[in-house]
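Worksheet for the structure shown next.
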Amino acid sequence: MLWVMLIPVMTTNCNAKKNTEKSETAEKTAKTESVIQLALPPFQKFVVVTSPEEGLYKNADTNSPTLVRWDEADCESDFCETVYQWSDQPDMQGFELSSDIIASEGRVFPVLGEEGDFYKICVLNEWCDIESAYIPKASVGDIESAPIKADQLEAEEDYIKCRVIKEGKYKDIVLIDEYNDLEGEYLKIGVLNDGVVANPVDYKFDSFYLNDQKEDIVINDEEGGISLSYNKNVALATEEGIESYVLDLKKLSDEQIAKIVDTVIKRKPLYVDFMYHIPAQGLQNFIYKIIDN
């Protein structure tokens, strides 16, 4: 009888211990959850265009309208306007039809679904506000993706610098500082989620160097956009002997990172730039519109 009485007591203590461990694990997980919560897009897989010339169709039918690009006519600037529309829409006044192939050979697209002999693909990008189109399955082949790792992002590049926060409240937050001749320097804030970098388009600072600025960083948050100015204490010289600097992400303190991230997360994202690793081609960016956020 003694053994019969002890067994329930031992089981109860064991269950209590397991419940405590589960509770502690859940609490630990909650503490390390990123402050930027974004679900991955519904991309089923990726395909690469294998045909030298292929159209992108409005419907799953090669007789349906195709996606065309119009370029601003007689434009000699680096900021010429580009418009995408379906071929059954009226011609664009002041524009000329581009001869460039949109679905050029080697281009990668995310697949959203299938319909007969066609894939429905995501075509949304920085210049094209049309979200999806159809492409014949016969004109593409499958291409593999792989998880992005933090050290891969942080590898030095001439025009892009990345820093991934490894621990604490801002764990998995990704800071990306980029520079190009058209837009200048800007800082993007995203999150590394399951091997994919999710970067809301609105989580972006116009950034610039100010030599005589007293504070290391100053954030100007306005309705039209956000900007960040920085001084020499957090700057990196781009060329020896020349007064040319970019933001040095490695020099930012925890407090400064918190200030930057807390500024952008007040904004509700609509379009998100998702960065995937396509081993055969490198890092690829695809924009997706969040419907329910």
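Open to solvent by less than 40 Å² (accessible area, probe 1.4 Å), more than 26 Å from the chain's Cα centre (by Cα) and over 30 Å from VAL264 (Cα atoms), is that true of SER77? For SER77, the condition - open to solvent by less than 40 Å² (accessible area, probe 1.4 Å), more than 26 Å from the chain's Cα centre (by Cα) and over 30 Å from VAL264 (Cα atoms) - is not met. Residue count for the stretch 143-172 under the criterion of being assigned to a loop (DSSP other than H, G, I, E, B), free of Cβ contacts under 8 Å to residues at least 24 places away in the same chain, open to solvent by less than 60 Å² (accessible area, probe 1.4 Å) and within 23 Å of VAL108 (Cα to Cα): the result is 0. Mind counting the residues in the stretch 266-288 that are open to solvent by less than 80 Å² (accessible area, probe 1.4 Å) and assigned to a loop (DSSP other than H, G, I, E, B)? Result for the stretch 266-288: 4.
Of the residues GLN93, GLN85, the single one that is loosely packed, with under 12 Cβ neighbours inside 10 Å and either part of a strand (DSSP E or B) or not acidic (Asp, Glu) (or both) is GLN93. Being of a type in the set (D, E, K, R), in contact with a helix residue (DSSP H, G or I) (Cβ under 6 Å, 6 or more places away or on another chain), surrounded by 13 or more Cβ atoms within 10 Å (Cβ to Cβ) and within 25 Å of LYS289 (Cβ to Cβ) is not true of ASP216. Looking at the stretch 211-222, is at least one residue in contact (Cβ under 8 Å) with a residue 12 or more places away in the chain and closer than 29 Å to PRO41 by Cα? Yes, some residue in the stretch 211-222 is in contact (Cβ under 8 Å) with a residue 12 or more places away in the chain and closer than 29 Å to PRO41 by Cα. Taking the stretch 66-101 as the region of interest, how many residues are at pLDDT 90 or above and closer than 17 Å to SER139 by Cβ? Final tally of qualifying residues: 2.
The single residue among LYS259, LYS232 that is open to solvent by 50 Å² or more (accessible area, probe 1.4 Å) and without any contact (Cβ under 8 Å) to a residue 40 or more places away in the chain turns out to be LYS232.
The values are calculated or read from the model by the stated rules, or taken from the named source; none is laboratory data. On a predicted model such as this, the values are computed, not experimentally measured, just so you know. All Cβ positions, even for glycine, are placed from backbone atoms using ideal geometry, and neighbour counts span all protein chains on display. Protein only, heavy atoms only, side chains kept; ligands, DNA and RNA dropped before computing areas. Shrake-Rupley method; radii C 1.70, N 1.55, O 1.52, S 1.80 Å.
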